[in-house]
Each structure stands twice: as C-alpha cells, then as structure tokens.
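Values quoted throughout were computed directly from the atomic coordinates according to the rules given, and no laboratory measurement underlies them. This one's a predicted model, so the numbers in the text were calculated from it and none came from an experiment. As a convention, Cβ positions derive from the backbone with ideal geometry for all residues, glycine included, and neighbour counts pool all protein chains shown.
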Amino acid sequence: MFERHRKARRHRKGAAWRFVSLSLICSLLAVFSARSSLAGSAVVPADLQAELLSKLATYDRNFPARAGSTVSVLIVTKAGNARSSLTAAVMKSELAKLERIGGLPHRESLVTFESAGALAKRCRADGAAIVYLTPGLEDHVPEIQKALTGVNVLSVSAAPESVSAGIVLGFELVSGRPRILLNLAQAKRQNVNFRADVLKLMKVYR
C-alpha cells in the first residue's frame, strides 16, 4: 500500500514538473519570437537552445533511465573549425549556467570528432545521455546516424538541416520564429521517446 502511494506521488510530481516545463517551452518560444523579430537574429542562440534542451529532456520517457544520477553531455567539435570551437565553448558555458537538465544535475565534456564509430564508442563508454554536434560536422551526419543507431542517446545538432539527415533533435528560425525539429524515425532507433504533448510543438520528420 505504501509503495503504491509513493509511486502515485512520484507520478503526480512528474506530471506537474512536465506541465511547468511545457509552459516554459511555450513561453521561451514566444518571448524569443518577439525578441528576434526586433533584433533580426538569423540563428537560434545557444542560450535558448540550452534552455529548450533542458526542458525538452523531461518529455523523453527514457531520459531518466538513460541519464542515471547525472546527465552526461558530450559536445562534439570539428578539428580546425573555428565556428565549431566557438559554438562548443558557448554552448558548454550556457549549459553550465543551468542547475538541471531534465530535472537532473549534469556535466559537459568537449570531444573532438575522429570518426562516427569512435563517437558511438565514446557515448557508450561515458553513458552519455545527450550528444551535441556543433557546426562543421554536417558532412559526417550520414555516418553518425548509422553509428548511433542502437545507441541509447539523444543526438542534437546546431545545424537544423542535420535533423532531416538523421540527427534526432535540432532548432531553426523560420521568419524570426524558433522551431523545434525532431527526426522521429531516428529517435526510435536511439531509444528516445518524446511524449505526445510536446510533439505538437515540433516539426516532425517521420
């Protein structure tokens, strides 16, 4: 009886947290839409990407089991690419400002891309819950998609075109409005399972 009540309380707490997160996601999208329309911004900035990622993780049913006690985030860079290095540094800084990702404490590591196979091996070895690809890796997406198939990890790209090519999650601006992108087929291959209520806020590639 006690165990049943404890599970019920945990379920209610989780549902309440997801409701708050969904409201915050909607607010973030709306606030940035107004801000970007005035600023003429061309890309979704790292601070918004970090905030959205931290809230979206709560809607992945498999995230808590994948992350364990601490969320491991791998930020992948392209050697010799200045934009990649800058994006990685900024994203790491923005994520570090967040107390939690998906309701859990977290740590970030910078990884230089060597090969898709090496990246998949690193994800498994580190128990990575999230792998974030910086600009400059777009040509490697097909091989990364294949290598991460069967790996329990949420892949995210700074380049929106990488989502349709096989990365699970990304962000883009359309007429100054931020939009969340999801490759649903690849999400299933990587054991990522977003709830239906948040799918309504996404452009979904099936």
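See the values below:
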quantity: Phi-based couplings in Hz for segment 138-143 (Karplus 6.51, -1.76, 1.60; Gly and Pro marked x); calculated: 4, 5, 9, 4, x, 6
quantity: Translational diffusion of segment 69-140, µm² s⁻¹ [Kirkwood Rh, Cα pairs; Stokes-Einstein; 25 °C; 0.890 mPa s]; calculated: 196
quantity: Centroid-to-centroid separation of segment 48-63 and segment 151-193 [C-alpha atoms, Å]; calculated: 12
quantity: Rough spin-label spacing in nm, given labels placed 7 Å along Cα→Cβ, for A125 and S109; calculated: 0.8
quantity: Karplus-derived 3J(HN,Hα), 6.51/-1.76/1.60, for each residue of segment 72-86, Hz, glycine and proline x; calculated: 9, 10, 9, 9, 9, 10, 9, 4, x, 9, 5, 5, 4, 5, 5
quantity: Three-way shape label, segment 73-188, alpha-carbon gyration tensor, a/c 1.5; calculated: rounded
